[in-house]
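Notes follow once the structure below has been shown.
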Amino acid sequence: MNKATNVLTVEEAAAQASYPLFVPFIMAGDPHEEATISIALSLQEAGAHILELGIPYSDPLADGPLLQRSAQRALKGGMSLKGALRMIRTMRERGLTIPVVVFSYVNPVLRMGEETFVKEAASAGANGVLIPDLPMEESSFISEVAREKGLSVISLVAPTSAHRIEKIASQAQGFLYCVSSLGVTGTRDAFPDEAYAFIRKVKEASTVPVAVGFGISNRRQVELLDGVSDGIVVGSAIMKIVEEQQEALVSAEKTEREQALNEIKTFVSTLISS
């Protein structure tokens, strides 16, 4: 634990989780910067162990329609990589102590400069980075810089990379993000049988906790993953509520904002409460 800030590292949070590791994803700036900060704090109160903060991008290849709309709203509102990093600093000032992983496609990072990005992220209070479209073979520089700054580089393993499971797992830090199925993000009713076999293979190869994402949206799915994975990553299902509650989340009425935040917390409780 960082004594100065009382903030857990990604490794500490993943190792100390007392129930299945819960990693929510939210889009920076959707529907508004202040709303994003409030959502982050509400997710911490609801029991999140690690927060993934998405950087809105105009061409998000892995995102389904819902997260694409979320990114467009955030971009329209002026959110950027620099703005999102500044937001992390404000989150820390407001009391966010869980680790924050910056989830960004590679183009915004390259525009900023890999070394500058890592330094700025660490300075703002981030604890990790996840760049889904940066191949492992091309990540050595950013991994080295991140290690120097104390940031974890979160690895993704997907069914398309089944032949590289051991190689990817050997470099995993904090937790290993296991993509449950082919395709883009979005809620799903169930996982195909082959997904469970794939997740088990990943878990066997990994020395860090394995969190499954892409499609987690209800308690039944979480229960089906019990004993198969170590945790879950939930994004689209949360951002669906944000989309539905966007007007309330930016309302001038405090009670409306609080009710919208409670909708998110209630949903989370249905997922992870024992």
Please state which of the following conditions SER155 fails to meet, knowing it meets all the rest: (1) under 22 Å from SER236 (Cα atoms); (2) more than 15 Å from the chain's Cα centre (by Cα). (2)
Any idea which of (1) hydroxyl-bearing (Ser, Thr, Tyr); (2) at pLDDT below 95; (3) open to solvent by 20 Å² or more (accessible area, probe 1.4 Å) is the one THR266 doesn't satisfy? (2)
Filtered residues of region 80-132 (kept if on the phi > 0 side of the Ramachandran plot, in contact (Cβ under 8 Å) with a residue 24 or more places away in the chain and more than 16 Å from the chain's Cα centre (by Cα)): GLY95
I'm trying to understand the selection: among the residues of region 119-142, which are part of a helix (DSSP H, G or I), at pLDDT below 95 and out of contact with any helix residue (DSSP H, G or I) (no Cβ under 7 Å at 6 or more places or on another chain)? GLU137, GLU138, SER140
Step by step: first the residues of region 182-195, then only those that are surrounded by 16 or more Cβ atoms within 10 Å (Cβ to Cβ) and of a type outside the set (A, V, I, L, M), then the one that is modelled with the highest pLDDT. Which residue is that? PHE191
So which of LEU96, LEU66, LEU81 ends up being touching a Ser or Thr at 6+ places or on another chain (Cβ under 6 Å) and either closer than 23 Å to ILE37 by Cα or charged (D, E, K, R) (or both)? LEU66
Residues within region 197-240 that are in contact (Cβ under 8 Å) with a residue 40 or more places away in the chain and either open to solvent by less than 10 Å² (accessible area, probe 1.4 Å) or not charged (D, E, K, R) (or both), tallied: 20
Take region 156-180 and flag every residue that is open to solvent by 10 Å² or more (accessible area, probe 1.4 Å), of a type in the set (Val, Ile, Thr) and in contact (Cβ under 8 Å) with a residue 40 or more places away in the chain. ILE165
Scan region 64-104 for residues that are open to solvent by less than 10 Å² (accessible area, probe 1.4 Å) and either of a type in the set (S, T, N, Q) or not in a helix (DSSP H, G or I) (or both) and jot them down. GLY64, SER70, LEU96, PRO99, VAL100, VAL101, VAL102, SER104
Could you run through region 13-60 and say how many residues are at pLDDT below 95 and surrounded by fewer than 17 Cβ atoms within 10 Å (Cβ to Cβ)? 6
Checking the conditions here, which among GLY83, GLY95, GLY113 is more than 25 Å from GLN68 (Cα to Cα) and modelled with pLDDT of 95 or more? GLY95
Would you check which residues across region 229-253 are in a loop (DSSP other than H, G, I, E, B), under 20 Å from the mean Cα position of the chain (by Cα) and farther than 19 Å from ALA71 by Cβ and list them? ASP230
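The values are calculated or read from the model by the stated rules, or taken from the named source; none is laboratory data. Everything numeric here is computed off the predicted structure, so don't read it as measured data. Ideal geometry is used to build each Cβ from the backbone, glycine not excepted, and the neighbour counts take in all protein chains shown. The protein model used for the area step is the full one, side chains on, heavy atoms only, and it has no ligands, DNA or RNA in it. Shrake-Rupley method; radii C 1.70, N 1.55, O 1.52, S 1.80 Å.
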